[in-house]
Amino acid sequence: MGLFDKLVRWLGLKKEVNVLCLGLDNSGKTTIINKLKPSNAQVQDIVPTIGFSIEKFKTSSLSFTVFDMSGQGRYRNLWEHYYKEGQAIIFVIDSADKLRMVVAKEELDTLLNHPGKLWFLTCCVS
Ligand SMILES: Nc1nc2c(ncn2[C@@H]2O[C@H](COP(=O)(O)OP(=O)(O)OP(=O)(O)O)[C@@H](O)[C@H]2O)c(=O)[nH]1
Ligand SMILES: [Mg+2]
């Protein structure tokens, strides 16, 4: 079952869903989101995200707005300001980036310890 199908099942009857895509810089967030787009909307050159960018997807039953957040250190403090916007979070981890695995874990721990919010959370390993 695909990632978005899982979200549809979990979110039940909601019609419009906001998804945050988080993870360290260079982990592959924008690349994964690009692959989810219809082929005629995909871009060839992926550049580092500055701040964040917004992408929209539609399935037969749901409209998704994906907040593709920059993973660069200087922008990571933006993430928490968007937590309240999202019903679901995709956290992307680059399995080849062994040196920064501990940093990814710290960021994920910070996210999981954030008070007062319940999300559907899934991790993508790129
Ligand atoms: N080999 C390989 N390269 C990948 C993969 N995913 C992403 N890349 C490459 O890694 C680089 C960074 O990918 P991005 O998608 O920009 O990473 P990001 O997480 O959006 O990074 P920020 O926007 O800086 O937070 C790009 O050059 C991609 O082509 C993967 O699964 N395998
Ligand atoms: Mg990006």
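Every read-out reported here was derived from the displayed coordinates using simple, explicitly stated rules and does not represent laboratory data. Bear in mind that the values here come from a model prediction, so they are computed numbers and not experimental data. A quick note on method: Cβ atoms are made from the backbone with ideal geometry, for glycine too, and the neighbour counts reach across all protein chains shown.
Stretching the chain fully between Asn26 and Leu99 yields a gain of 25.0 nm (0.36 nm per residue, less the alpha carbon separation). Summarising the amide proton neighbourhood of Phe52: residues at separation of 5 or more, or on other chains, whose placed amide H is nearer than 5 Å comprise Ser70.
What per residue convex hull volume, in Å³, comes out for the range 19-126 when only alpha-carbon positions are used?
Values: hull volume 11.2 nm³, N = 108.
About 103 Å³ per residue, rounded to a whole number.
Once the C-beta distance of Asn113 and Asn40 is scaled by a Förster radius of 30 Å, the resulting FRET efficiency is 0.15 to the nearest 0.05. Peptide packing: for 82-92, 21-31, 68-78, the average count of neighbouring Cβ atoms within 10 Å per residue gives the ranking 21-31, 82-92, 68-78, highest mean first.
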